[in-house]
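In what follows, a single structure is set out as structure tokens and then discussed.
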Amino acid sequence: MQMTSETLRVAARSDAPPSAASDTESPLHIHGLTVSYGDSPAIFSVDANIEPASMTAIIGPNGAGKSTLLKAALGIVPRLSGTISIFGKPLNEARRRIAYVPQRASVDWDFPARVIDVVMMGLYRELGLLHFVTKKHHDKAHACLDRVGMSDFAERQIGQLSGGQQQRVFLARALAQNSDLYLLDEPLAGVDAATERTIIDVLKSLKAESRTIVCVHHDLATITDYFDHVLLINKTRIAQGPVETAFTAENLISTYGGRLATAHIDQLSLPAA
Amino acid sequence: MGADFVQLSLTPLLMGVLASVACALPGNFLILRRQALIGDAISHVVLPGIVVAFLLTGAISTWPMMLGAAGAAVAAVVMIEAIKRLGRIEPGAAMGVSFTTLFAFGVLLLEQSDTSTVHLDVEHALYGNLESLIWFAAEDWSSLADPAALANLPPELGRIAFVTLIIIAGLALFWRPLEISTFDEAYANSIGIPTGALSFGLVVAAAIAAVAAFDAVGSIIVIAMFICPPAAARLMTNRLDRQIAWSVVFAALSAILGYVFAGYGPLWFGAENAVSAAGMIATVSGVILGLACLFAPHRSRIAAPAEAGAQS
């Protein structure tokens, strides 16, 4: 039942949305986004414009509103103001082009499901309410598992996986959606080194297929290795742009304030200004 | 096992099985969503709703009772929200306060009103009147093929059968979105599943099951069946579809064993009278849960990774 990643690429190509590579519209354009939990705004009037086929890290201190930004962009939390457009269209017309990977800790992994069941959830758009699962769907799901190196675990209950393995299952579910825009919330938080390598490889291969990746990310030391764009936020947008121009000591200090010691900044492999 | 059984025991048995299954099915999802208390709350607030409906119409009839129960459920939800927001109390406590208060209010109303002419008192609210669902028109097994006799089946049976069918159909239709939104609500939202409507629908299904089961089997069975069979079933398997199947088996088993034990058990121990079937059914479901905790294959999921690793 195991498929090589080559077969997968063929399978993925054959039904890729026709518009996948030909877009000039921004995959994700956010204008004046404000979200509030209770009295104080979680994010305030944030603008962001994600480049097609880019790999963007959203960074900022704890409580800066990074996850909230993703959730508001997806309509999961209500926004007070602002507009979202996905490939130039309103959210509800473009949902099928987005794959979202929530934080691993946001779900109960004791849920009675096997790894393959979770990946199948990524095929919901194809399956709808009543379509039967056929061999085609199974092959697709297995191919996605194979791509994240988890095909041996298909029958395993999800609670019996390590944190890194669970994160890879979440990524496999997103792969099954075969989308153009991937929004991931801390996909590398608390995972082992092998998983980090696998996830980054998969994300880079998605980018090579002209898909767009946006990750909430917490490890400043790996930004220059993994990403080509950054969005720095702390309630408001501090800076956005290619890593070379936006990921600067100055912007980091504006974002993190005193929490980021200057000594720490010196250790980061910042792009030469 | 002839005419007597068909006339006296068949209807209560079927009623018990159907009521148990109707409650256990939505109970699976309520438990997985950590909302088991909602089932508890619904089964309690049904009482004041039904009493108010009776006081307004002066008769025990289905639709006013259903509406009364639905009205009480809405009142309870509003009350829970109000307590949560105004009192800044955590949801579980707000729910607990609301449904015990409303149930107590229902008991008071019941005591103050003249319900002596109908089957509506505190005892029935708790235990129902399972044993009184006698199929007078039945002669023996052949009555099952006799339209005239079938027409005289107690109406509660038809009602609960209809409700059970509706719940099974709804579950089959919305299986995938229910599974996805129960496991990962944010993800379900991101792919456009209307999670708010689904979770409202689930509570409505639970409320319908509770109301349909209430007048025949009482609130004890309803509360027990929302929780015990699904909780025991979760310990039997790590797959959702199998968990649902196990919960149906456990619910039906509780109903059948409970009914038999209640009718004959005390006699085996030399006692004179049978005990309440509803009470015994709920007890059996608790015993099944206890046994599942002790012996079921997936009871200790913390230790599972090592074991699973050794197998593969």
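Counting neighbouring Cβ atoms within 10 Å and putting the fewest first, the residues B:Leu55, B:Leu198 line up as B:Leu55, B:Leu198. Among beta bridges from DSSP that stay inside the protein assembly as shown, the antiparallel ones total about 55%. The calculated Kirkwood hydrodynamic radius for segment B:209-290 is 13.1 Å, given to one decimal from all distinct C-alpha pairs. Contact order normalised by length for chain A, with contacts defined as Cα pairs under 8 Å and 6 or more residues apart; what percent is it? Computed over chain A, the figure is 25 percent.
Close amide H contacts of A:Val46 (hydrogens built in the peptide plane, cut-off under 5 Å, sequence separation of 5 or more or a different chain): A:Gly32, A:Leu33, A:Thr34.
Taking GluC sites (Glu not before Pro) as exposed when their DSSP state is a loop state and no more than 16 other Cβ atoms lie within 10 Å, the longest site-free interval of chain B runs over B:1-138. Sorted largest first, the spans of the alpha carbon positions of segment A:5-265 along the three principal axes are 53, 38, 37 Å. Using a cut-off of 16 Å between alpha-carbon atoms, which lysines can reach A:Lys66, once sequence neighbours fewer than 8 places away in the same chain are excluded? Leaving aside lysines fewer than 8 places away in the same chain, those within reach of A:Lys66 are A:Lys235.
Annotation: amide H of A:Val101 within the under-5 Å range of A:Leu183, A:Leu184, A:Asp185, sequence separation 5 or more or interchain, hydrogens built in the peptide plane.
For B:Lys84, a cut-off of 12 angstrom between C-alpha atoms picks up no aspartates and glutamates at all, skipping any fewer than 8 places away in its own chain. Cross-link pairs exceeding 26 Å in C-alpha to C-alpha distance, out of A:Lys140/A:Lys207; A:Lys135/A:Lys204; A:Lys71/A:Lys136; A:Lys140/A:Lys204; A:Lys89/A:Lys136, comprise A:Lys135/A:Lys204; A:Lys71/A:Lys136; A:Lys89/A:Lys136.
Comparing segment A:146-251 with the 2.2 N^0.38 Å rule of thumb, its C-alpha radius of gyration ratio is 1.16 (two decimals).
The coefficient of translational diffusion for the protein assembly as shown, derived via Stokes-Einstein from the alpha carbon Kirkwood radius under 4 °C and 1.567 mPa s, stands at 48 µm²/s. Given their separation in residues at 0.36 nm each and the Cα-Cα distance between them, A:Glu93 and A:Asp39 gain 16.3 nm when the chain is fully extended. For segment B:24-118, applying the loop criterion from DSSP together with a ceiling of 15 other beta carbons within 10 Å to the trypsin sites (Lys or Arg not before Pro) yields B:Arg34, B:Arg88. When a/c reaches 1.5 or more, the comparison of a/b and b/c decides; with that in mind, is chain B rounded, prolate or oblate per its Cα gyration tensor? The shape class here is oblate.
The residue among B:Leu56, A:Leu127, B:Gly201 whose Cα reaches farthest toward the positive pole of the charge dipole of the protein assembly as shown, with charges on the beta-carbon of Lys, Arg, Asp and Glu, is A:Leu127. The mean number of Cβ atoms from other chains found within 10 Å of a Cβ in peptide B:27-37 is 1, as a whole number.
Loop-located chymotrypsin sites (Phe, Trp or Tyr not before Pro) across segment A:123-160 with a Cβ neighbour count of 14 or fewer within 10 Å are A:Phe132, with loop assigned by DSSP.
Every number in this text was worked out from the coordinates using simple rules, so none of it is lab data. Values in this document were obtained by computation on a predicted structure and should not be read as measured data. With ideal geometry, Cβ positions are generated from the backbone for all residues, glycine too; neighbour counts draw on all protein chains shown.
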